[in-house]
């Protein structure tokens with residue numbers, strides 16, 4: 001029988017938790033209730049709020065004396081994430097169902113993001129009809145808008161919660177079945193590839209080459225969450241290697257664009273020692289929204305309206321030099337085999353001779369900083385007299401990654 005972890009603030013949502021528990025049992029699923037309430041001592045909890053706080057390394061009584069609800073919510077999220085991750089790794093739960101308003105959802109977010117991709121996770125929330133990025137992060141979380149506030153059961157909430165229970169029961173049952181089935185030892189190793197529309201030819205060539213070499217390539221759109229998602233799979237041990245061809249998200253982190261993957265992008269593979277090949281795809285551009293939403297401080301820069309919702313801004317020589325320094329620091333710190341591929345004739349579909357972002361001097365500034373920063377490191381640097389999208393470039397990266405993996 002599949003077991004669903006029910007995550008809720010039982011000091012305020014006990015009625016809803018009981019309703020969901022009973023409904024899940026009717027559907028043939030067992031439950032394990034985790035209480036994340038700030039001031040809960042609910043008898044139905046299988047993991048009490050005190051135990052959750054202690055899992056975060058905190059004294060629950062001392063926390064309650066502070067009467068700081070924001071601090072308590074943060075700590076309960078940390079503790080519940082540790083609890084749920086342990087239960088999932090031990091095979092004691094097969095799905096997670098959380099519910100609540102802004103507070104309960106903020107606690108659920110780190111819990112869902114701590115669970116591996118593929119593990120069923122569903123949040124019923126009043127916050128699921130707006131900006132859901134803080135809750136989804138880079139994992140495969142399912143969000144359901146509660147329609148009415150999570151404040152007692154009624155004719156509307158029973159319909160919504162009933163669908164949620166049925167959904168998670170089905171997902172958890174299937175997940176348990178798949179976990180119990182004999183694992184296919186012949187499954188192809190997964191490889192992460194980063195791609196942008198303007199690096200598609202290179203990424204496609206790398207993908208086809210890796211497929212021919214016996215891998216299963218997973219392509220990630222380098223839109224901020226794409227890079228984060230790939231590095232989440234690296235962290236979870238689900239990739240055999242990384243072909244990080246398109247590192248453009250670093251530009252948005254540097255210049256305040258809308259597709260940043262955060263300051264830690266391009267570090268996870270190096271931290272865990274995973275074989276990686278890296279290139280400079282689309283580092284010639286920062287992404288903004290519609291043209292009239294570009295910050296005024298960038299007036300006078302070289303812009304290209306990519307489509308009605310995306311405006312591209314060419315990176316300057318100074319920005320390119322800084323990107324070179326940042327990438328060099330990240331790659332030099334890698335603990336696993338790492339190779340850098342530098343295309344000397346352009347780094348995107350519009351950074352090409354005659355193209356709107358063609359600026360070989362800016363690229364040269366980046367390359368100079370890269371080479372200086374990697375001097376003396378274990379990183380192997382390849383300078384190819386090619387454009388990134390020229391035939392052979394993506395293949396060279398894929399073949400190098402295969403060599404690193406098979407020789408490890």
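Entry remark, the range 205-232: residues being part of a helix (DSSP H, G or I) and more than 11 Å from the chain's Cα centre (by Cα) number 8 in total. Restricting attention to the range 174-195 and to residues that are over 25 Å from residue 95 (Cβ atoms) and modelled with pLDDT of 95 or more, the residue that is surrounded by the fewest Cβ atoms within 10 Å (Cβ to Cβ) turns out to be 189. Within the range 1-30, the set of residues being in contact with a strand residue (DSSP E or B) (Cβ under 8 Å, 6 or more places away or on another chain), more than 18 Å from residue 107 (Cβ to Cβ) and at pLDDT 95 or above comprises 2, 3, 21, 24, 25, 29, 30.
If you take the residues in the range 75-97 that are touching a residue at least 24 places away in the same chain (Cβ under 8 Å), out of contact with any strand residue (DSSP E or B) (no Cβ under 7 Å at 6 or more places or on another chain) and under 11 Å from residue 56 (Cα atoms), which one is surrounded by the fewest Cβ atoms within 10 Å (Cβ to Cβ)? Checking each candidate, the answer is 82.
Specify which of the listed residues (79, 57) is more than 13 Å from residue 7 (Cβ to Cβ) and modelled with pLDDT of 95 or more. Just one listed residue meets the conditions, 57.
Of note, residue 246 satisfies the criterion of being in contact with a helix residue (DSSP H, G or I) (Cβ under 7 Å, 6 or more places away or on another chain), in a loop (DSSP other than H, G, I, E, B), in the same structural domain as residue 381 (by TED's automatic domain parsing) and closer than 25 Å to residue 387 by Cβ.
Of all residues assigned to the range 314-326, at least one qualifies as being within 25 Å of the chain's Cα centre (by Cα) and either outside the structural domain of residue 395 (by TED's automatic domain parsing) or closer than 30 Å to residue 189 by Cβ (or both).
Entry remark, the range 224-235: residues being out of contact with any helix residue (DSSP H, G or I) (no Cβ under 7 Å at 6 or more places or on another chain) and free of Cβ contacts under 8 Å to residues at least 60 places away in the same chain number 2 in total. Return yes or no: is residue 160 surrounded by 15 or more Cβ atoms within 10 Å (Cβ to Cβ), at pLDDT below 95 and farther than 29 Å from residue 271 by Cβ? Taking the combined requirement at face value, the residue does not satisfy it.
Criterion first (under 15 Å from the mean Cα position of the chain (by Cα) and either farther than 25 Å from residue 321 by Cα or not assigned by TED's automatic domain parsing to the domain that holds residue 355 (or both)) does residue 235 satisfy it? The answer is yes for residue 235.
The values are calculated or read from the model by the stated rules, or taken from the named source; none is laboratory data. Since we're looking at a predicted model, the values are computed, not measured. Glycine also receives a Cβ, built like all others from the backbone with ideal geometry; neighbour counts cover every protein chain displayed.
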